[in-house]
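Worksheet: one structure, shown below.
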4 protein chains.
Amino acid sequence: MSSLPKYAYLGPAGTFTHAALRAMVDPDTAEFVPCVDVVTALGAVRAGDVDYAVVAIENTVEGGVTATLDTLASGDPLVIVGETVLPVAFELLVRPGTELSDITAVSAHSHAWAQVRRWANATLPDATFVGASSNAAAAVALADQSRSLDEVGFTAALAPPGTGEALGLTVIADRVADSVSAATRFVKVGRPCPVGRPTGADKTTLVVHLPSDHSGALMEMLEQFAVRGVVLSRIESRPIGDRPGEYSFSMDLLGHVGEARVAEALMGLKRTCPVVRFLGSYPKADGEVTDVSMDTGDEAFDQAANWVESLRDGTH
Amino acid sequence: MSSLPKYAYLGPAGTFTHAALRAMVDPDTAEFVPCVDVVTALGAVRAGDVDYAVVAIENTVEGGVTATLDTLASGDPLVIVGETVLPVAFELLVRPGTELSDITAVSAHSHAWAQVRRWANATLPDATFVGASSNAAAAVALADQSRSLDEVGFTAALAPPGTGEALGLTVIADRVADSVSAATRFVKVGRPCPVGRPTGADKTTLVVHLPSDHSGALMEMLEQFAVRGVVLSRIESRPIGDRPGEYSFSMDLLGHVGEARVAEALMGLKRTCPVVRFLGSYPKADGEVTDVSMDTGDEAFDQAANWVESLRDGTH
Amino acid sequence: MSSLPKYAYLGPAGTFTHAALRAMVDPDTAEFVPCVDVVTALGAVRAGDVDYAVVAIENTVEGGVTATLDTLASGDPLVIVGETVLPVAFELLVRPGTELSDITAVSAHSHAWAQVRRWANATLPDATFVGASSNAAAAVALADQSRSLDEVGFTAALAPPGTGEALGLTVIADRVADSVSAATRFVKVGRPCPVGRPTGADKTTLVVHLPSDHSGALMEMLEQFAVRGVVLSRIESRPIGDRPGEYSFSMDLLGHVGEARVAEALMGLKRTCPVVRFLGSYPKADGEVTDVSMDTGDEAFDQAANWVESLRDGTH
Amino acid sequence: MSSLPKYAYLGPAGTFTHAALRAMVDPDTAEFVPCVDVVTALGAVRAGDVDYAVVAIENTVEGGVTATLDTLASGDPLVIVGETVLPVAFELLVRPGTELSDITAVSAHSHAWAQVRRWANATLPDATFVGASSNAAAAVALADQSRSLDEVGFTAALAPPGTGEALGLTVIADRVADSVSAATRFVKVGRPCPVGRPTGADKTTLVVHLPSDHSGALMEMLEQFAVRGVVLSRIESRPIGDRPGEYSFSMDLLGHVGEARVAEALMGLKRTCPVVRFLGSYPKADGEVTDVSMDTGDEAFDQAANWVESLRDGTH
């Protein structure tokens, strides 16, 4: 009977998410629960079946991971409690004996494909793309020698580093990536709990719906940050499915809900936007301390609050 | 030995300020102390010689009253605790027997002159203007029959209504004013004390120095108001005497330091501007209730603050 | 030898794009050229192999179509010359004899899957998703009776309306969509050419890179629109692949480069943003006339320009 | 019969304005026409009786000169064609034999008085102030030995440097000024004419009425400058006499109507504000070149305009 904390992730073993999970959590101290997709993994947290899920949230090439952002944005509240960033590079795997010139179809997850598109156009200009449900799935199918390549439907698979060796496939190309700086950000997600103390190098993730489709509404939202000196490190728009022309914005800001400038900015959003969803304040993966100007630090807020108090009681 | 509260004002009896004081305070309940100028009247409050001063602060034609604004803006703190607005119209006074065509020089306070300039150009195109130290002073001098008109230096005086009758001068023109809507705002000024409760129809007066001479700095200051839905009813720039190109701004905003949106805006100014001076929150003379949108009312601020608290303790 | 204009599209026949193409162009007046993906279709326009491509650019559920946006955003210039909007709903297709309860795996294009996710969770909670390269591909594979379902790898396919009848598959569920308002926007893309005249109901599409990752930079960009009264109907961020933390924004604005307010806003972006890419001014699919306030119409701009001219030559 | 250009100024000889006029114009090349006040001097330009007027427009202590600003702001158009700045310091003049302790009343122009108020409070705490119509008038009256001091009504006069010697009065205090940096700005005003070429160190003076009394309207006006990188060096509010709560703003911006960024900002004001009055583009007194960022220079505007042209004709 295990009493270790349980972590859901996009499985099977061998996916990028698996690698991210191992980077964040020592496998000896936790139970890892593979799931078929991100929606399932986050659902398991909500249901209490697991304690946390580790899921990809953003990619330097593709942008936000739609399924993660949308699943976090509605339903019972979840919060991000940590993040890690992994570089993105793939192995191109084939069955032993297959040559590069034999490759007519390559299978990969669509996000993976997006990150090797230029490489594929240059190296395999005639190969077609076959969608796979995960980065590991295509390689697993290819490794199943009980099926002919015709039955499998593709000749090669893109997979995370280490997959070829694990499955007995030939690595015909290594470190495949359109961009050397390509990376994926993974987050550890749990149920709401008291937030940790600010470290000075924190991020806060939000989803905000705008009151209307005007660019003016976006500008007003940004002013709520600007007047408190809060800086955004990511902003992504998402259509609101059933209301054409309306948008929600998924954002990361540099700072922590425990800091006064962030708290006041959140209050401003809460007052003026129809939906504001808090998705956690947590330490940044890069540990880089946020530069906070003197007039937006906690001390400046405290002094200003004391001053207003002195105006009210006439002791100024 | 009087224990009545003492009110300093720009005297002598008969000035507009005297009329404003009587409109605000029942003469039977207070001791009125005439002063030679606004600086003296406000100095008497600071020194504790009187309890309050009533002084003109703004005029619909001339704008802010420089001496009042500047005296409030530096030195020991003073606060405005009430206001009243009086229409501005003058009597043109002459000695008995003087005809309109005899008038070669008119004496008045320079603020009074500014408010009848167009009338004077049309009615007395050839008359010159002679500055007087108060609205009452010119009429008093003219009424002193021991001096010849040559000695007096002018033929006619502009003065507040009622002055001619009081001094035995002839009212050769009545209700003299360039604008029928001309009015002067007077304020009752005291030493700092606990502010009253918000009435819903309040004004707050401020003086703010901007961090630099750029229009950008002014825009940033105004954004501190805009994001909290605080509206200004008056804004006037004043050069900062010994720093060419730098400005202070004297402002009235609609609201009360006891209201959350005003308090947060004041905190924003305090954090970002080199000087912020609070000159009081007090009921508006016109009693018109300030229109506050739902998302900037005290309840919206309270709810937003509670929400942020729930984010911090994980109960959202 | 055909002299008809050639249109590339995401084939094969039967895709949503095919339906959009037929809605925009009479098949008797043009040659339709199916392509394996959007990148190929747009490449064919650039190469001069076809005159136009019709491609999906935006979806009310998923947001922008990444491949289209990215391909338009770099490489030789292309411009949008028209748009159309099609509602999104699918048929769920099976081989004759398959029951709903037999369905263990559903294949569809990932964008299609995103638009039926809630329906699938409710109706087929245990079915897994198998990615397909196009909306038609999964149905075509399923209709190939020479392969067993095991070989095919899925039991059911989601496809555009009419596909089941065309391929001899059973429509086991019709009008499948999470949202009744789900729709896809398709654009007709050509090589740069003189823009048409403004119709009053036009859209202009842009891609803009921001000078830095600060929210301030986004706000400054939006002000370029706001001061000229230009309204955005779509704004989407995209990471700039090889520069972590930098974003490009893909936008539609209501108006036409032939209108003064749009031209001046574009000039403002061009001056202040590192990259501005114009992707066409073209009539809106809905024909709804843009509301332009009196002070931002062409006449207001003309009068203001004439006034400035009069200031310069002293005739004001 | 003189064919020299005629210059009106606030006389008589000996005033600060007279000194400013001599600093701007060689007396041998022009005819100087003293006027009783600023309104008369500017009226003489409008009537064609003189070619130019030199008038005080701004003071580092008092702010804008009301009469000048208001007279320029309405009536037939006038333009500023040059400026000069003079330090402000006074002589305190008495009749021979008068001691400092004898001084009970000091006469001066009210603007002069404002600039020595602190000095007067410290040095002559008991002396009263008597308004004079010009800086020279009080000294002239004091020098008229045919009248007793009682008849004159004051014991001492403040006047510009050199006045005591010219009139035979005793200089009992020299370089009297509250601020060593106190200075007055004088402008040369003419009828509209073709503006000169930009020098790179220019100022443009404007009067703008705001569409409403909201702080939002002021912010929108300032954004018209900000998005074009135009910086204000002076901004002053003035009530609009007959419309309580409405304001006009008198402003100087750094730049010239012949420059593109200024022209576009003026167009923006013209489109959106009920009244915009141009009061001239002219070289700055200090000759300091305006710092213009690369993206707001004329070249950036030209390139942007050419780019928009290329979008319209399809040659981009």
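The values are calculated or read from the model by the stated rules, or taken from the named source; none is laboratory data. It should be emphasised that the depicted structure is a prediction, and the values quoted were computed from it without experimental measurement. Reconstructed Cβ throughout: ideal geometry from the backbone, glycine too, with neighbour counts over all protein chains shown.
Structure values in brief
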{"read-out": "Hey, residue A:13 outside the structural domain of residue A:137 (by TED's automatic domain parsing), of a type in the set (Gly, Ala, Ser) and not in a loop (DSSP other than H, G, I, E, B) or not", "value": "no"}
{"read-out": "Residue check for residue C:32: touching a Ser or Thr at 6+ places or on another chain (Cβ under 7 Å) and part of a strand (DSSP E or B)", "value": "no"}
{"read-out": "Single match in D:94, D:65, D:36 (criterion: in the same structural domain as residue D:133 (by TED's automatic domain parsing) and either at pLDDT below 95 or farther than 28 Å from residue D:237 by Cβ (or both))", "value": "D:94"}
{"read-out": "Subset of the range D:74-90 (residues that are more than 13 Å from the chain's Cα centre (by Cα) and among the hydrophobic types (A, V, I, L, M, F, W, C))", "value": "D:78, D:88, D:89, D:90"}
{"read-out": "Counted residues, the range A:270-291 - those being within 12 Å of chain B (Cβ to nearest Cβ) and surrounded by 19 or more Cβ atoms within 10 Å (Cβ to Cβ)", "value": "9"}
{"read-out": "Residue pairs meeting the criteria (Cβ under 8 Å; at least 6 apart or on separate chains; first touching a residue at least 60 places away in the same chain (Cβ under 8 Å) and more than 9 Å from chain D (Cβ to nearest Cβ), in the range C:245-268; second crowded, with 23+ Cβ neighbours inside 10 Å and part of a helix (DSSP H, G or I))", "value": "C:256/C:262"}
{"read-out": "Inter-residue pairs, beta-carbon under 6 Å, first in contact (Cβ under 8 Å) with a residue 12 or more places away in the chain and in the range A:10-36, second surrounded by fewer than 18 Cβ atoms within 10 Å (Cβ to Cβ) and assigned to a loop (DSSP other than H, G, I, E, B), 6+ apart", "value": "A:30/A:4; A:30/A:5; A:31/A:2; A:31/A:4; A:34/A:12"}
{"read-out": "Among (1) part of a helix (DSSP H, G or I); (2) in contact with a strand residue (DSSP E or B) (Cβ under 9 Å, 6 or more places away or on another chain); (3) at pLDDT 95 or above; (4) surrounded by fewer than 17 Cβ atoms within 10 Å (Cβ to Cβ) - the single one residue B:23 does not satisfy", "value": "(3)"}
{"read-out": "Filter result (in contact with a Ser or Thr (Cβ under 8 Å, 6 or more places away or on another chain) and closer than 23 Å to residue C:312 by Cβ) within the range D:73-99", "value": "D:73, D:80"}
{"read-out": "Top-ranked residue of the range B:92-119 - restricted to ones that are assigned to a helix (DSSP H, G or I) and over 28 Å from residue B:39 (Cβ atoms), ranked as nearest to the other protein chains (Cβ to nearest Cβ)", "value": "B:118"}
{"read-out": "Test: residue D:83 is modelled with pLDDT under 95, of a type outside the set (Ser, Thr, Tyr) and either assigned by TED's automatic domain parsing to the domain that holds residue D:204 or surrounded by 23 or more Cβ atoms within 10 Å (Cβ to Cβ) (or both)", "value": "no"}
{"read-out": "Any chance residue C:133 is farther than 16 Å from residue C:184 by Cβ, within 8 Å of chain A (Cβ to nearest Cβ) and either surrounded by fewer than 18 Cβ atoms within 10 Å (Cβ to Cβ) or in contact (Cβ under 8 Å) with a residue 60 or more places away in the chain (or both)", "value": "yes"}
{"read-out": "Those residues of the range A:170-193 which are hydrophobic (A, V, I, L, M, F, W, C) and more than 14 Å from the chain's Cα centre (by Cα), in sequence order", "value": "A:171, A:172, A:173, A:176, A:177, A:180, A:193"}
{"read-out": "The listed residue being in contact with a Ser or Thr (Cβ under 6 Å, 6 or more places away or on another chain), buried (at least 16 other Cβ atoms within 10 Å of the Cβ), touching a residue at least 12 places away in the same chain (Cβ under 8 Å) and not in a strand (DSSP E or B), out of D:50, D:45, D:55, D:39", "value": "D:39"}
{"read-out": "Residue satisfying all of: in the range D:81-91; touching a Lys or Arg at 6+ places or on another chain (Cβ under 7 Å) and in a strand (DSSP E or B); nearest to the other protein chains (Cβ to nearest Cβ) among these", "value": "D:85"}
{"read-out": "Every pair of residues 6+ apart whose Cβ atoms lie under 7 Å, when the first sits in the range D:91-106 and is more than 15 Å from residue D:140 (Cβ to Cβ) while the second is hydrophobic (A, V, I, L, M, F, W, C) and surrounded by fewer than 17 Cβ atoms within 10 Å (Cβ to Cβ)", "value": "none"}
{"read-out": "Count of residues meeting criterion [within 28 Å of residue C:290 (Cα to Cα) and away from chain A (no Cβ under 14 Å)] in the range C:160-206", "value": "18"}
{"read-out": "Scope the range D:140-165; condition in a helix (DSSP H, G or I), of a type in the set (Val, Ile, Thr) and farther than 30 Å from residue D:52 by Cα; matching residues", "value": "D:152"}
{"read-out": "Restricting the range D:58-80 to residues that are assigned to a helix (DSSP H, G or I) and not hydrophobic (A, V, I, L, M, F, W, C), the residue that is nearest to the other protein chains (Cβ to nearest Cβ)", "value": "D:66"}
{"read-out": "Residue in the range C:139-159 that is on the phi > 0 side of the Ramachandran plot and touching a residue at least 40 places away in the same chain (Cβ under 8 Å) present", "value": "yes"}
{"read-out": "Residue match in the range C:299-313 (condition: in contact with an Asp or Glu (Cβ under 9 Å, 6 or more places away or on another chain) and more than 9 Å from chain D (Cβ to nearest Cβ))", "value": "no"}
{"read-out": "Residue within the range B:61-70 that is polar (S, T, N, Q) and buried (at least 19 other Cβ atoms within 10 Å of the Cβ) present", "value": "yes"}
